[in-house]
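Colleague: Structure incoming, see below.
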Amino acid sequence: MGAVEVAGSRVERDSAGAGMRGARVAAGVAALVLFAAVAAVLALTTPWNPLPGHVPGGHVRADPALDFSPAEIARSRAFDSAVNPPAYAGLLVGLAVVLVLGLTPLGARLVGRVTARTRRRPLKIALAAVVLVAVLRVAGLPFDIWGESVLRRYGLSTQSWPAWLVDQLKSLGVTCVIYTVALLLLYAVVRRFPRYWWTGAAAGGFALVVLVSFIYPIAVEPVFNKFHSLPQGQLRSDLLAMAKRDGVPVKDVLVADASRRTTSLNAYVSGFGSTRRIVLYDTLLKSPRPRIESIVGHELGHAKRRDVLWGTLVGALGVAGALCLLYLLMTSPRLLRRAGVDPGGPPGAASRGRAAADPRTVALVLALVAAGTQVSAPVQNLVSRRIEARADAHALQLTRDPATFVSMQHELSVRNISDLSPDALERLLWMTHPAGPDRIAMARDWARMNRVPVPPPLR
């Protein structure tokens, strides 16, 4: 009888191991398919040449010296030299801390200690999320303070330190809520379907990204800024008329009270469907009307091309693929042991899937998310720069006023102390928009292509 039981147990283990291997193969194939789909969509839909066509006389070379004074160029370089050290140091320290917590037993031990007196699994996961996010924020706080000090020294920040700290606490709270909700949903699926949780996680991740993008403008943005409709007047009428002429349904143009935080000029479009809105910084309202119309034309370009919706769907597809990849990593016995979590059971058994549901793996999840986010950032930034350039081309086509566009880009670059000559690493890590001289050069290309007067150098 004992021999029969042993044989039966061996068969069950072999069957469980085969099932787990099959699930891992399926998850791997799904990840490859989803990432391939993202790559194909990006390759086929990204406006790699946002200003197609022949440029008479050839493309204009981007040259800061044509439009920016030596003092403006020197100030840009000095600001870049001052703001880069805290930015790079904060990035490196943040990655180091989250990777140490996730890829060593340290994170699992920390979670184990803070949740030791809690029996309910959802509360354990929520506590783990809040504590780990707080630890990471505290680790980055000295570099945030350093960076804020630089902004104050150059006149870009108008906040008092207490107001700045309140914003940091708000940001921490929003981050904790988002991570807690996402992790509770993820671990519920992992616990319910230990072998095939990647399927539900991928579908749920896709839906969650879409939902967050939809509600972010009405649920999160008001936490940091107050908004009001642009008052009735000629400017409002002109902007709405421009949107109507462009065929973009815009019911309202909002103004954000950005001046209580910064002197920078900006505008953006967020949300989609009923939550889509164009937002102007109140600092921008002091600019001449043609310049405001130029920057709003850029935002209308995003709205007309449905860039927010496109970005949301592509991002959601990427998150779905990442969650399939996460399954492969979270069911790796070697990685689980490295993170201080016992995978349990014999090699290949389905118990590895259940081990991923241990709340102590939250640190590992955050480490993998941080690594994946950093790896994908250069691609996201590259695509974003091309989309922003297409929106610039749209603004030029809509206003047919390249001279105003050039003066607007000059004002934006000077007021925001933008990097006029970013190096390759800065483009990879930080730049979501083309540099000011690149945008000005494209405006001159557009003028040549459309046979309108080419804006002369501003100097």
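Colleague: Give me the percent of accessible area attributable to carbon and sulfur for the chain, probe 1.4 angstrom.
Modeller: About 64 percent, which is the carbon plus sulfur part of the accessible surface.
Colleague: Also, I was wondering about something else. Set Lys and Arg Cβ to +1 and Asp and Glu Cβ to -1, take the dipole of the chain about its Cα centre, and tell me which of Leu420, His302, Ser76 lies farthest positive.
Modeller: His302
Colleague: Divide by every residue of the chain the summed helix terms, -39500 (n - 2.57) for each DSSP H run of at least 4, and state the resulting mean residue ellipticity at 222 nm, rounded to the nearest 500 deg cm²/dmol. Mind showing how you got there, number by number?
Modeller: Working: 17 runs with 319 residues, N = 459.
Helix contribution divided over all residues of the chain: -23500 deg cm²/dmol.
Colleague: Still on this model: Got a number for the accessible area of Trp161? Probe 1.4 Å, square angstrom, nearest 10.
Modeller: My reading of the accessible area for Trp161 is about 100 Å².
Colleague: Ok, one more. Taking the Cα atoms only, what angle lies between the long axis of helix 161-192 and the longest principal axis of the chain, rounded to 10 degrees?
Modeller: 40
Colleague: Follow-up question, since we're still on this one. Using amide H atoms built in the peptide plane, which far-off residues or other-chain residues are under 5 Å from Thr331 H to H?
Modeller: The answer is none.
Colleague: Compute the accessible area per residue over segment 44-119, keeping the other protein chains in place, probe 1.4 Å, unit Å².
Modeller: Details: 4360 Å² over 76 residues.
Normalised by residue count, the accessible surface of segment 44-119 is 57 Å².
Colleague: When the chain is fully extended, how far beyond the present Cα-Cα distance does Ala134 get from Leu106, taking 0.36 nm per residue of separation?
Modeller: 8.5 nm
Colleague: Quick check: Cα centre of segment 406-442 to Cα centre of segment 141-162, how many Å?
Modeller: 21
Colleague: Using a basic spin-label model with each label point 7 Å from the Cα along Cα→Cβ, how many nm lie between Ala219 and Asn266?
Modeller: It works out to 2.2 nm between the two label points.
Colleague: Something else now. Can you tell me which aspartates and glutamates have their Cα less than 14 Å from the Cα of Lys286? Leave out same-chain residues fewer than eight positions away.
Modeller: Lys286 reaches Asp257, Glu411.
Colleague: In addition: Can you run phi through the Karplus equation (6.51, -1.76, 1.60; θ = phi - 60°) for segment 396-406 and list ³J(HN,Hα) in whole Hz, with x for Gly and Pro?
Modeller: For segment 396-406, the Karplus curve yields 5, 5, 6, 8, 6, 9, x, 5, 5, 4, 5 Hz.
Colleague: Protein chains only, probe 1.4 Å: how do Lys124, Lys170 rank by accessible area, largest first?
Modeller: Descending order: Lys170, Lys124.
Colleague: Still on this structure, I have one more. In terms of the Cα gyration tensor, with a ≥ b ≥ c the square roots of its eigenvalues, is segment 30-175 rounded because a/c is under 1.5, prolate because a/b exceeds b/c, or oblate?
Modeller: Oblate, because a/c is 1.5 or more while a/b does not exceed b/c.
Colleague: Keeping all protein chains in position, work out how much accessible area Tyr268 exposes to a 1.4 Å probe, and write it in Å² to the nearest 10.
Modeller: So the heavy atoms of Tyr268 present about 50 Å² to solvent.
Colleague: Quote the charge dipole size of segment 102-239 about the Cα centre in Debye, to the nearest 20; the model charges only the Cβ of Lys and Arg (+1) and of Asp and Glu (-1).
Modeller: With only Lys, Arg, Asp and Glu charged at Cβ, the dipole is about 940 debye.
Colleague: Under unit Cβ charges (Lys, Arg +1; Asp, Glu -1), what dipole magnitude, rounded to 20 debye, does the chain have relative to its Cα centre? Can you show the working numbers first?
Modeller: Values: 53 positive and 30 negative charges, 254 e Å.
It works out to roughly 1220 debye.
Colleague: From the list [x] 28, 57, 14, 1, 0; [y] 21, 50, 24, 5, 1; [z] 24, 53, 21, 2, 0, can you say which value of P(r) over Cα pairs in 20 Å bins from 0, in percent was derived from the structure given?
Modeller: Looking at P(r) over Cα pairs in 20 Å bins from 0, in percent for this model, the match is [y].
Colleague: Can I ask one more? Using 7 Å Cα-to-Cβ label points, what is the Ser171/Leu458 separation (nm, one decimal)?
Modeller: Roughly 2.8 nm, to one decimal.
Colleague: On to the next question. With a/c under 1.5 counting as rounded, go ahead and sort segment 155-273 into rounded, prolate or oblate using the C-alpha gyration tensor (a ≥ b ≥ c being the square roots of the eigenvalues; past the cut-off, prolate if a/b is larger than b/c, else oblate).
Modeller: oblate
Colleague: Excluding Arg451 itself, calculate the net charge of residues whose Cβ lies under 14 Å from the Cβ of Arg451, where each Lys or Arg counts +1 and each Asp or Glu counts -1.
Modeller: Charge balance near Arg451 sits at +2.
Colleague: Using a ≥ b ≥ c from the Cα gyration tensor of segment 168-234 (square roots of the eigenvalues), is it rounded, prolate or oblate, where a/c under 1.5 gives rounded and otherwise the larger of a/b and b/c decides, a/b for prolate?
Modeller: In terms of gyration-tensor shape, oblate.
Colleague: Compute the angle between helix 234-245 and the longest alpha-carbon principal axis of the chain, please, reported from 0 to 90 degrees and rounded to the nearest 10.
Modeller: Rounded to the nearest ten degrees, it is 70.
Colleague: Next up: Suppose all protein chains stay in the model; what accessible area per residue would a 1.4 Å probe give for segment 320-459, in Å²?
Modeller: Ligands and nucleic acids excluded, the figure is 40 Å² per residue.
Colleague: Another question, then. Give me the angle, in degrees from 0 to 90, between the Cα long axis of helix 70-103 and the longest principal axis of the Cα atoms of the chain, rounded to the nearest 10.
Modeller: 10
Colleague: If you count only protein heavy atoms and use a 1.4 Å probe, how large is the accessible surface of Ile417, to the nearest 10 Å²?
Modeller: Accessible area of Ile417: about 10 Å².
Colleague: Right, another one. Please give the per residue accessible area of segment 185-237, computed with a probe of 1.4 Å over protein heavy atoms only, in Å². Don't jump to the answer; show the numbers that get you there.
Modeller: Working: 3030 Å² over 53 residues.
That works out to 57 Å² per residue.
The values are calculated or read from the model by the stated rules, or taken from the named source; none is laboratory data. Since this is a predicted model, take the numbers as computed values, not measurements. A quick note on method: Cβ atoms are made from the backbone with ideal geometry, for glycine too, and the neighbour counts reach across all protein chains shown. Areas reflect the complete protein model, heavy atoms only, side chains present, ligands, DNA and RNA absent. Shrake-Rupley method; radii C 1.70, N 1.55, O 1.52, S 1.80 Å.
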